[in-house]
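**Q** Please read through the structure below; I'll follow up with questions.
Derivation of every value follows stated rules applied to the coordinates shown; laboratory data play no part. Just so you know, these numbers come straight off a predicted model, no measurement behind them. Positions of Cβ are generated from backbone atoms using ideal geometry, with glycine treated the same way; all protein chains shown enter the neighbour counts.
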Amino acid sequence: MKTASLIISCQDLKGIIFQITAFLYDLGANVINLEQHIEDGRFFMRIEWDLEHFQLNKTEFEQRFAQIADKYEMESILDFAKPDKHITLFCSRELHCLLDIINRTQIGELDAKIAFVASNFADAEPLVKRFEIPFFHVPNGVDQETQLLEILQQYDVECIGLARYMKILSEDFLQKCNVPVINVHHSFLPSFIGAKPYDDAYDRGVKIIGATSHYVTKELDQGQIIEQETLRVTHGDSIKEFKTMGRKCEKEVFAIALKKQLENKIIVYKNRAIIFA
């Protein structure tokens, strides 16, 4: 089933749901999902409809819907569910998140195609090329971000996923890439920084480990949180077991975050991400 979805944000006023649903009904749309949320006097909604008997294309919809959007001063994100949504993945030497996303796209669990993979190390190249995915080795250096931006210009991608990419992206890169960037962090609450977070967590005797996926912003690891998962651990678990369980969490939250982004189910408000089911 081909569907389209619309996320809107505006001041909470009477009649908004009626206006939108009536507008879609008049155009032959069959609404299959509607969710709403109110916060600080602001109204958020995601509505999804079947495109089978829908009378407009994306451009025509935007032109017609502008009357309602202007009336309520709405911010909106429209998705006509392109069949071949493309993402790109950046990675370093830890490849579990990268391979998990490749696998999910291969079996159709994640409805997307990987346009290319870029890495500051060459370790992933043989694995990536096995799936006939373009691979770019962009080593650490002064012009690294320039090279990445030049590669991005060759592809039409919906978002960038940092699959354990161990480099900090500059504010300049985030502005120029012009697509959302999603990271996965090796902690439920990012408190163990550095190269050996699980070793540090083990030394502190933590009882919960986990992972967090979030948007990348100019402030390091402070972007809006999209998904989190935790697992309980005990003093009897080894560092190796910590890493195995932690990687499981990392893969899961990263995949969920990318899926939510591709399905147009996230809207950012202040420093929070409102996630629709």
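**Q** Name the lysines eligible as straight-distance cross-link partners of Lys113: C-alpha to C-alpha under 19 Å, and not fewer than 8 places from it in the same chain.
**A** Candidates past the 8-residue exclusion: Lys2, Lys82, Lys85, Lys129, Lys251, Lys259, Lys260, Lys265.
**Q** Separate question: With +1 on each Lys and Arg Cβ and -1 on each Asp and Glu Cβ, how big is the dipole of the chain about its Cα centre, in debye rounded to the nearest 20?
**A** Dipole magnitude for the chain comes out near 580 debye.
**Q** Then there's this: Taking θ = phi - 60°, what integer Hz values does the Karplus form 6.51 cos²θ - 1.76 cosθ + 1.60 yield along region 23-32, in sequence order, with x for Gly and Pro?
**A** Once rounded to whole Hz, the list reads 4, 5, 4, 4, 9, x, 7, 9, 6, 10.
**Q** Please list log₁₀ I(q)/I(0) at q = 0.15, 0.21 Å⁻¹ for region 1-151, using the Debye equation with identical point scatterers on the alpha-carbon positions.
**A** Ignoring solvent entirely, the Cα scatterers give -0.86, -1.15.
**Q** Now, a different point. With each run of n ≥ 4 DSSP H residues scored as -39500 (n - 2.57), what mean residue ellipticity at 222 nm is computed for the chain after dividing by its residue count and rounding to the nearest 500 deg cm²/dmol?
**A** Working: 8 runs with 92 residues, N = 277.
Only helices count here, giving -10000 deg cm²/dmol.
**Q** Over 16 Å apart: what share of the alpha carbon pairs of region 7-71 falls there, rounded to a whole percent?
**A** Details: 979 of 2080 pairs.
Tail fraction, whole percent: 47.
**Q** While we're on this one: Quick one: helix 96-107 against the long Cα principal axis of the chain, what's the angle to the nearest 10°, folded into 0 to 90?
**A** 40
**Q** Follow-up question, since we're still on this one. Over what distance in Å are the Cα centres of region 216-277 and region 1-48 separated?
**A** Answer, in whole Å: 27.
**Q** Non-local amide H neighbours of Glu227 (under 5 Å, H modeled in plane, Pro and chain starts lacking H): which ones?
**A** Ser213
**Q** With bins 5 Å wide starting at 0, give me the P(r) of region 96-178 over every alpha carbon pair, in whole percents.
**A** Whole-percent P(r) values from 0 Å outward: 3, 13, 25, 27, 19, 10, 3, 0.
**Q** Using the Karplus equation 6.51 cos²θ - 1.76 cosθ + 1.60 (θ = phi - 60°), what ³J(HN,Hα) coupling, rounded to whole Hz, does each residue of region 222-237 give in order, writing x for Gly and Pro?
**A** 10, x, 4, 7, 9, 8, 9, 8, 10, 9, 7, 10, 10, 5, x, 7
**Q** Once Lys and Arg get +1 and Asp and Glu get -1 on their Cβ, which of Asn103, Thr146, Leu6 lies farthest toward the positive end of the dipole of region 1-150?
**A** Asn103
**Q** A follow-up question, please. Pairs of alpha-carbon atoms within less than 8 angstrom and 6+ residues apart define the contacts here; what relative contact order does region 79-213 have, in percent?
**A** 24
**Q** Need the list of aspartates and glutamates near Lys243 for cross-linking: C-alpha distance under 18 angstrom, and skip anything on the same chain fewer than eight residues off.
**A** Candidates past the 8-residue exclusion: Glu94, Asp100, Asp199, Asp200, Asp203, Glu229, Glu252.
**Q** What is the angle, in °, between the Cα long axis of helix 58-72 and the longest principal axis of the Cα atoms in the chain? Nearest 10 is fine, range 0 to 90.
**A** Relative to the chain, helix 58-72 is tipped by roughly 80 degrees.
**Q** Residue by residue through region 196-212, what is 3J(HN,Hα) from phi via Karplus (6.51 cos²θ - 1.76 cosθ + 1.60, θ = phi - 60°)? Round to whole Hz and write x for glycine and proline.
**A** With coefficients 6.51, -1.76 and 1.60, one gets 10, x, 6, 5, 5, 5, 4, 5, 7, x, 5, 10, 9, 10, x, 8, 9 Hz.
**Q** Please state the relative contact order of region 1-125 as a whole percent: Cα pairs under 8 Å, 6+ residues apart? Show your work: numbers first, answer last.
**A** Working: 174 pairs, mean separation 34.4, N = 125.
So the answer I get is 28 percent.
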